[in-house]
Amino acid sequence: MNLGTWLFTKLHGRQVGTDAMGNVYFEDRRLRPGGRTRRWVAYAAAPEASVVPPEWHAWLHYTTDAPLPDQGRRPWQKPHLPNATGTPAGYRPPGHDYRGGQRARATGDYEAWTPGS
């Protein structure tokens, strides 16, 4: 958080909660014209929107009026993972340069489309 955001948060913000990644969520103490309070997040690490879990994303974007309670995830739900694109944990398909640059040869079952056939 830069100095301006920190100062604005101290003067106008009210802490609403935190998530498992350490992000802190705030809203304006006063109601803005139009009836909505401003909502924002102070990221625990580098600002990256994909680290906001779905529960807090819904609150930040006014889908819910109150933050969803942290009641744990159901057994079939996977834990929230931030976007790993561009990191060593990102998806690299077979044939990617970082995975050796070799992929399986085509099997010959593909037939190209030609007009009129």
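Where a number appears in this text, it was derived from the coordinates with a stated rule and is not lab data. Predicted model, so just to flag it, every value in this text is computed and none were measured. So basically every Cβ, Gly included, is an ideal-geometry build from the backbone, and we count neighbours across all protein chains shown.
Assuming charge only on the beta carbon of Lys and Arg (+1) and of Asp and Glu (-1), the dipole of segment 28-114 about its Cα centre is about 340 debye to the nearest 20. Helical content of the chain, expressed as a calculated mean residue ellipticity at 222 nm, amounts to -4000 deg cm²/dmol (DSSP H runs of 4 or more residues, -39,500 (n - 2.57) each, divided by residue number, nearest 500). Entry note, the chain: relative contact order of 13 percent, from Cα contacts under 8 Å with a spacing of 6+ residues. Distance from the alpha carbon centroid of segment 82-98 to that of segment 2-74 works out to 30 angstrom. Rg of the Cα atoms in segment 1-40, relative to 2.2 N^0.38 Å, amounts to 1.22.
In the chain, the longest principal axis of the Cα atoms and the axis of helix 3-12 are about 50 degrees apart. Placing +1 on each Lys and Arg Cβ and -1 on each Asp and Glu Cβ, with no other charges, gives segment 1-70 a dipole about its Cα centre of roughly 480 debye. Between Tyr98 and Thr63, the contour length at 0.36 nm per residue exceeds the Cα-Cα span by 8.6 nm.
Entry for the chain at q = 0.13 Å⁻¹: log10 I(q)/I(0) = -0.70, Debye formula applied to identical alpha-carbon scatterers, no solvent contribution.
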